[in-house]
Amino acid sequence: MVYFLIFISAIFVNNIVLSQFLGICPFLGVSKKIDTALGMGAAVTFVLVLATICTYLLQKFVLEAFGIEFLQTIVFILVIAALVQMIEIILKKISPSLYQALGVFLPLITTNCCILGVAILVANDTMKLPAGAESGLLTGVVFAFATALGFTLALTLFAGLREQLSMNKVPAAMKGTPIALLTAGLLAMAFMGFSGVV
């Protein structure tokens, strides 16, 4: 039951994009078509879960063990960048079709602040969890997976709204970024309706 509550909380109540404002760059930049939004969401899900496991183990068994927690941000950035590069190389050799599907999005993930933010939240045990949930590696992985699903949901909904807006008449002053920001604000307000559920 606790893990179900973590899912509901991370996807709807504390959505990483619409509530905590992490991952705004891909949210605004890769959300013009639903297909690209789903591809980016899948890539973020894959990398976020792997990055969370690696950075959590590094934090507990290396940084805290040697008293060098102050290097956390630099080490996590290097680990995420190396992980993305390794995934790219492995996918290129093992599954060229999956590499073609995710290939465009993998370099974008390296600079996605959502990945680094969730890794730091999990490693520092500062993630927003429902009452009764204890932090740890399994909880962190569930939280990371649920957060990635929340990111994908927000990105896909926003892409659908932008596709609809592109077919409608929009005043000249509101075309492009202004209408996208207004739509994102309305979507964030809609997600505020879930606050208090968990």
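Descriptive notes on the structure:
- Pairs of C-alpha atoms in the stretch 37-154 farther apart than 25 Å represent 23 percent of all such pairs.
- Accessible surface of the stretch 1-128, 1.4 Å probe, proportion on carbon and sulfur as whole %: 74
- Model label zone, Leu181; criterion: amide N under 20 Å from point 7 Å along Cα-to-beta-carbon; scope the stretch 15-48: 17-32
- Principal-axis tilt of helix 137-166 within the chain, Cα atoms, nearest 10 degrees: 10
- Candidate aspartates and glutamates - alpha carbon under 16 Å from Lys33, same-chain residues fewer than 8 apart omitted: Glu163
- Electrostatic dipole magnitude of the chain [Cβ: Lys, Arg +1; Asp, Glu -1; Cα centre; debye, to 20]: 620
- Under the convention that each Lys and Arg Cβ holds +1 and each Asp and Glu Cβ holds -1, the size of the dipole of the stretch 32-132 around its Cα centre is about 320 debye.
- Among 9-16, 165-172, sorting by the average number of other beta carbon atoms lying within 10 angstrom of each residue, highest first, gives 9-16, 165-172.
- A 1.4 Å probe run over the protein chains yields, for the stretch 46-198, 54 Å² of accessible area per residue, whole-number rounding.
- The residue list Leu5, Gln85, Leu50 was ranked by how far each Cα lies along the charge dipole of the stretch 1-104 toward its positive end, using unit charges on Cβ atoms, and Gln85 comes out on top.
The values are calculated or read from the model by the stated rules, or taken from the named source; none is laboratory data. As the structure is a prediction and not an experimental result, all values here were calculated from the model. Positions of Cβ are backbone-derived with ideal geometry, glycine not excepted, and every protein chain shown enters the neighbour counts. These accessible areas exclude ligands, DNA and RNA; they are computed on the full protein's heavy atoms, side chains included. Shrake-Rupley method; radii C 1.70, N 1.55, O 1.52, S 1.80 Å.
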